[in-house]
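Undergrad: One structure is given below, represented as structure tokens, and several questions about it will come after.
The values are calculated or read from the model by the stated rules, or taken from the named source; none is laboratory data. What you see is a predicted model; the values in this text were computed from it and never measured. Please note: Cβ atoms are built from the backbone with ideal geometry, for glycine as well, and neighbour counts cover all protein chains shown. We work out accessible area using only protein heavy atoms, side chains counted, and drop any ligands, DNA or RNA first. Shrake-Rupley method; radii C 1.70, N 1.55, O 1.52, S 1.80 Å.
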Amino acid sequence: MLRFAPSPTGDLHIENLRVALFNYIVARQRNEELVVRIEDTDKKKNIDGKDQEILDILDMFDIKYSHTVYQSENIKYHRQMAIQLLQDKRAFNCFCTPETLDAQRAEAKANKKTYRYDDHCTELSPEQTIDNNNPFVIRMKKPKGDITIEDKIKGKLTFTPDEIDSFIIMGEEKFPTYNFACAVDDMLSDISLVIREEEHMDNTPRQAVIRNALGYTTEIEYAHLPKIADADALSIKSLFEEGYLPSAIANYLISIGNNVAKEIFTLDEAIEFLDLEKISKSSVKFDISVLKNINRQHMSMLDDKELSKYVGFADAQIGALAKAYLDEVETLVELRSKIEPIFKTKEIPLSYKENTDLIKDCIKKAPYFEGYSEFEKYVMTETGLKGEDFLKPLRFVLTGTENGPDLSAIYNGLKDVLMEVIK
Ligand code: GLU
Ligand code: ZN
């Protein structure tokens, strides 16, 4: 079983979504299930409704999963296992006050050293524990030897006991920390492979220490995806608002830093060819111009009716018209800005007014023409206009602008709604 473990504490960002996509793809490749685990144990940071928003986004990307788990539902297990770790002396109560720890942190900083917990409470006697009325946290004892992780992307990662440190697994309120809840839940769900962002790389040995101490021997594989540079705070919601298609965003996020078989592909195709182990080890650059180009190509891949929905219609003919504009636009927002004015009252420049009036009157009386050339011939004959005197005003009457795609493409898209368009 693989898992995607978002925290409902903010908007889903492109790096989170990339993690979800890779987990989904690899789960499909391995024929394993994917669970979505909502990591909601940090009550103060949770934002109401973010969980559902994240699940809705996964749906829009066609990322299917077998079920969801809310981490907070597992707190009873986290507590049980913390008790076991204390009994086995693999964990200990730490009474050090935040003030003491802050002072130690400041001192380490002043000496340009990395702060480590000083293991003050590691071996407190039962008397020392009972005589202490201070609030306490629970810490894991740091391991005795190095911890090695074979990462499928980064290769062999080795962490010393000091790097791992005697870290906190439960806070004063006796709620699990991220590392503890995550380590236990991955165990409870029988996770086989963890694919996540590289910012969690330092957490991986800590999670291994917890599971080792609990006697869990099943090996969990890891793959840490490289950072996407220059993409801070880029939320999926904002990309939707800017007019990017889910299929294009997915295409881009899968290809970034990756040696993909082709430039444009669907999620199903990516399942065929993606090789998780071939992804770049080092950070990759976000390039909006590449995404724009991919987006345009995905817009053109939509069938006409589907595309029309993104510009506010449900009509294949309008979709075909929209496609005629794809050379000029890169996002759905830009596409909408081309299609919407066609259906609004048009500002006709005074210099065209005389001819546009003639054309409009003519169209109102004209029979229906299937093809543009017959239509054009009819209007030219009836109005007596030709060349630019005919083409420019006609374009204004139909689209309200001076330039744009071929008039025949425009006519084909609008021939069934001409009266509405020329009004
Ligand atoms: N909730 C963590 C995050 O969103 C999950 C990390 C993990 O996959 O273990 O970053
Ligand atoms: Zn302590």
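Undergrad: Taking the stretch 162-171, which residues are outside any strand (DSSP E or B), in contact with a helix residue (DSSP H, G or I) (Cβ under 9 Å, 6 or more places away or on another chain) and open to solvent by 10 Å² or more (accessible area, probe 1.4 Å)?
TA: Selection gives Glu163, Asp165, Phe167.
Undergrad: While we're looking at this one, here's another question. Restricting the stretch 86-118 to residues that are touching a Phe, Trp or Tyr at 6+ places or on another chain (Cβ under 9 Å) and touching a residue at least 24 places away in the same chain (Cβ under 8 Å), which is nearest to ligand 1 (Cβ to nearest atom)?
TA: Ranking the candidates gives Tyr117 first.
Undergrad: Determine whether the stretch 18-28 contains at least one residue that is of a type in the set (A, V, I, L, M), more than 16 Å from ligand 2 (Cβ to nearest atom) and free of Cβ contacts under 8 Å to residues at least 40 places away in the same chain.
TA: yes
Undergrad: For the subset of the stretch 244-257 comprising residues that are open to solvent by 10 Å² or more (accessible area, probe 1.4 Å) and in a loop (DSSP other than H, G, I, E, B), which member is nearest to Glu334 (Cα to Cα)?
TA: Looking at residues that are open to solvent by 10 Å² or more (accessible area, probe 1.4 Å) and in a loop (DSSP other than H, G, I, E, B), I get Ile256.
Undergrad: Give all pairs with beta carbons closer than 9 Å in which a residue from the stretch 120-135 that is not assigned by TED's automatic domain parsing to the domain that holds Gln104 meets a residue that is assigned to a loop (DSSP other than H, G, I, E, B) and within 16 Å of ligand 1 (Cβ to nearest atom); count only pairs at least 6 apart in sequence or on separate chains.
TA: Short answer, once both residue conditions are applied: none.
Undergrad: Within the stretch 215-231, which residues are under 23 Å from Glu73 (Cα atoms) and either outside any loop (DSSP other than H, G, I, E, B) or open to solvent by less than 30 Å² (accessible area, probe 1.4 Å) (or both)?
TA: Listed by number, the list holds a single entry, Ile220.
Undergrad: Turning to a different aspect of this structure: Checking Ala181 against (1) open to solvent by 20 Å² or more (accessible area, probe 1.4 Å); (2) near ligand 1 (Cβ under 10 Å from one of its atoms): exactly one of these is not met. Which one?
TA: (1)
Undergrad: Taking the options Ala248, Ala233, name whichever one is among the hydrophobic types (A, V, I, L, M, F, W, C) and touching a strand residue (DSSP E or B) at 6+ places or on another chain (Cβ under 9 Å).
TA: Ala233
Undergrad: Something else about it: Take the residues in the stretch 333-368 that are farther than 22 Å from Glu241 by Cα and small (Gly, Ala, Ser), then tell me which one is surrounded by the most Cβ atoms within 10 Å (Cβ to Cβ).
TA: Per the stated criteria, the residue is Ala366.
Undergrad: Same structure, new question: Which residues, counting only those in the stretch 116-159, are of a type in the set (D, E, K, R), surrounded by 11 or more Cβ atoms within 10 Å (Cβ to Cβ) and either over 20 Å from Val209 (Cα atoms) or more than 16 Å from ligand 2 (Cβ to nearest atom) (or both)?
TA: Asp146, Glu150, Asp151, Lys152, Lys154
Undergrad: Another question, then. The conditions are (1) without any contact (Cβ under 8 Å) to a residue 40 or more places away in the chain; (2) open to solvent by 50 Å² or more (accessible area, probe 1.4 Å); (3) within 16 Å of ligand 1 (Cβ to nearest atom), and Ser72 fails exactly one of them. Which is it?
TA: (2)
Undergrad: Against the conditions (1) buried (at least 16 other Cβ atoms within 10 Å of the Cβ); (2) in contact (Cβ under 8 Å) with a residue 60 or more places away in the chain, where does Asp51 fall short? Just the number, please.
TA: So the condition that Asp51 fails would be (2).
Undergrad: Still on this model: So which residues in the stretch 294-308 are part of a helix (DSSP H, G or I), under 20 Å from Tyr252 (Cα atoms) and not charged (D, E, K, R)?
TA: Listed by number, the residues that qualify are Ile294, Asn295, Gln297, His298, Met299, Ser300, Met301, Leu307.
Table: residues versus (1) within 26 Å of Arg30 (Cβ to Cβ); (2) touching a Lys or Arg at 6+ places or on another chain (Cβ under 9 Å); (3) assigned by TED's automatic domain parsing to the domain that holds Thr148; (4) open to solvent by 50 Å² or more (accessible area, probe 1.4 Å).
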position	(1), (2), (3), (4)
Glu197	yes, yes, yes, no
Met201	yes, yes, yes, no
Glu242	no, no, no, yes
Asn259	yes, yes, no, yes
Ile271	yes, yes, no, no
Lys285	no, no, no, yes
Leu291	no, no, no, no
Lys305	no, no, no, yes
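Undergrad: Here's something else I'd like to know. Do you know which residues across the stretch 292-306 are touching a Leu at 6+ places or on another chain (Cβ under 8 Å) and either under 18 Å from Lys415 (Cα atoms) or of a type outside the set (Gly, Ala, Ser) (or both)?
TA: The answer is Asn295, Arg296, His298, Met299, Leu302.
Undergrad: A further question follows. Kindly indicate whether any position in the stretch 86-108 is open to solvent by 90 Å² or more (accessible area, probe 1.4 Å), within 22 Å of Gly10 (Cα to Cα) and of a type outside the set (D, E, K, R).
TA: Among the residues of the stretch 86-108, not one is open to solvent by 90 Å² or more (accessible area, probe 1.4 Å), within 22 Å of Gly10 (Cα to Cα) and of a type outside the set (D, E, K, R), which makes the answer no.
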